[in-house]
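The values are calculated or read from the model by the stated rules, or taken from the named source; none is laboratory data. Predicted, not measured: the structure shown is a model, and the values here were computed from it. When we count neighbours, we look across all protein chains shown, and the Cβ atoms used for this are built from the backbone with ideal geometry, even at glycine. SASA here: full protein model, heavy atoms, side chains in, ligands and nucleic acids out. Shrake-Rupley method; radii C 1.70, N 1.55, O 1.52, S 1.80 Å.
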There are 2 protein chains.
Amino acid sequence: MAEGEPDQIPDDGLTTRQRRNRPLLAVNTGEGKGKSTAAFGLALRGWHQGWSIAVFQFVKNGKWRIGEEAALRALGGVHEQTGAGGPVDWQIMGAGWSWSRKQGSEDDHAAQAAEGWAEVKRRFAAQRHGLYVLDEFTYPITWGWLDIDDVCSTLADRPGFQHVVITGRGAHPRLVEQADLVTEMTKVKHPFDAGQKGQRGIEW
Amino acid sequence: MAEGEPDQIPDDGLTTRQRRNRPLLAVNTGEGKGKSTAAFGLALRGWHQGWSIAVFQFVKNGKWRIGEEAALRALGGVHEQTGAGGPVDWQIMGAGWSWSRKQGSEDDHAAQAAEGWAEVKRRFAAQRHGLYVLDEFTYPITWGWLDIDDVCSTLADRPGFQHVVITGRGAHPRLVEQADLVTEMTKVKHPFDAGQKGQRGIEW
């Protein structure tokens with residue numbers, strides 16, 4: 001089976017073990033479905049490894065993720081009760097970041113995004129989680145709410161062993177350049193094209 | 001937000017409600033990562049809706065899915081204990097289908113795939129599950145182990161309200177034609193290219 005076998009050995013001075021165990025920066029981008037869904041699927045693997053999982057939803061409306069949120073929170077509950085898997089922390093921008101005491105800033109999405117990113121940076125520094133899902137994180141970058149230099153250098157310098165998965169359309173070229181794993185999801189066919197609307201259990 | 005809005009209303013004689021609530025046949029294909037991972041992410045949504053979830057892994061080696069399997073089984077356990085979400089049934093070809101009493105057929109993958117598909121057909125007829133993940137199901141079709149006519153007519157005629165997600169590279173053109181939602185995952189960049197090997201929590 002060719003899967004899992006490297007095509008070539010890079011001249012980077014790392015041992016195979018070091019290279020194998022490098023923390024990953026993954027980007028799921030493109031116009032198709034499955035960018036976030038695949039990220040949450042990856043979180044299932046991380047949970048099973050006992051990693052602390054953090055999800056930061058950089059979206060105003062969290063409706064589209066309630067199924068994943070409920071399931072991952074349930075897995076966090078399983079961890080608390082039985083010790084299996086890892087803990088799960090799920091943060092939603094639209095509902096207000098849990099650590100934030102600011103009031104009345106619900107409509108200032110740029111400020112909210114900056115607050116969310118500042119917290120991610122604090123957690124990187126504290127090496128708090130094993131896996132961070134930064135959901136829809138490409139948009140605050142695209143819209144200029146976050147500085148791409150700051151994002152890239154922070155990701156490059158994050159200490160220890162912290163995996164990061166970033167989702168969203170139109171990933172910044174420098175993010176794609178820096179990432180270890182980049183997947184583009186392309187829509188081949190979608191039921192909305194045939195007049196179907198989003199439905200419970202499928203779209204959210 | 002344009003998401004969730006149909007582009008056009010088809011002339012299919014269905015009401016919007018009927019069209020909205022049509023059971024979905026989805027195909028995740030392409031050379032990139034995330035095909036199965038996104039399918040398992042979709043299973044999280046279905047679980048949250050209280051659907052009965054069935055996963056049929058049409059692969060010899062289930063190692064690459066142990067994290068998802070453990071997490072989804074844990075969610076099935078949450079359902080049993082608290083009533084939240086739905087039940088989960090996870091079947092692996094390589095380990096032997098749980099309902100099969102045949103011995104010594106471990107090496108006959110064609111026969112195993114046919115057995116798995118026969119069971120899926122029985123469950124369709126019994127309307128046993130709300131969501132079926134037929135993982136890596138494109139391969140037994142590609143290899144001629146399953147008849148594409150039989151697969152397509154069975155899927156088209158499945159009764160009631162049963163969603164199906166099929167994953168794997170090289171989906172048969174007729175499967176793509178018949179599916180409601182088709183997403184192609186394309187590899188833009190992969191750590192194996194840089195000599196990195198598959199690692200725990202990321203690849204499995």
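Points to keep in mind about this one:
- Residues (of a type outside the set (Ser, Thr, Tyr) and at pLDDT 85 or above) located in the stretch A:82-108: A:83, A:84, A:85, A:86, A:87, A:88, A:89, A:90, A:91, A:92, A:93, A:97
- Of all the criteria given as (1) touching a strand residue (DSSP E or B) at 6+ places or on another chain (Cβ under 9 Å); (2) farther than 22 Å from residue B:66 by Cβ; (3) within 14 Å of chain B (Cβ to nearest Cβ), the one not satisfied by residue A:134 is (3).
- Tally of residues being of a type in the set (S, T, N, Q), open to solvent by less than 50 Å² (accessible area, probe 1.4 Å) and over 17 Å from residue B:51 (Cα atoms) across the stretch B:158-178: 1
- Residues (over 30 Å from residue B:27 (Cα atoms) and within 14 Å of the chain's Cα centre (by Cα)) located in the stretch A:152-186: A:155, A:162
- Applying the condition of being under 13 Å from the mean Cα position of the chain (by Cα) and of a type outside the set (Phe, Trp, Tyr) to the stretch A:134-151 and asking which residue is farthest from residue A:186 (Cα to Cα) yields A:134.
- Within the stretch A:70-86, none of the residues are more than 10 Å from chain B (Cβ to nearest Cβ) and touching a residue at least 60 places away in the same chain (Cβ under 8 Å).
- Cβ-Cβ under 9 Å pairs, at least 6 apart or on other chains, the stretch B:145-156 side surrounded by 14 or more Cβ atoms within 10 Å (Cβ to Cβ), far side among the hydroxyl-bearing types (Ser, Thr, Tyr): B:145/B:139
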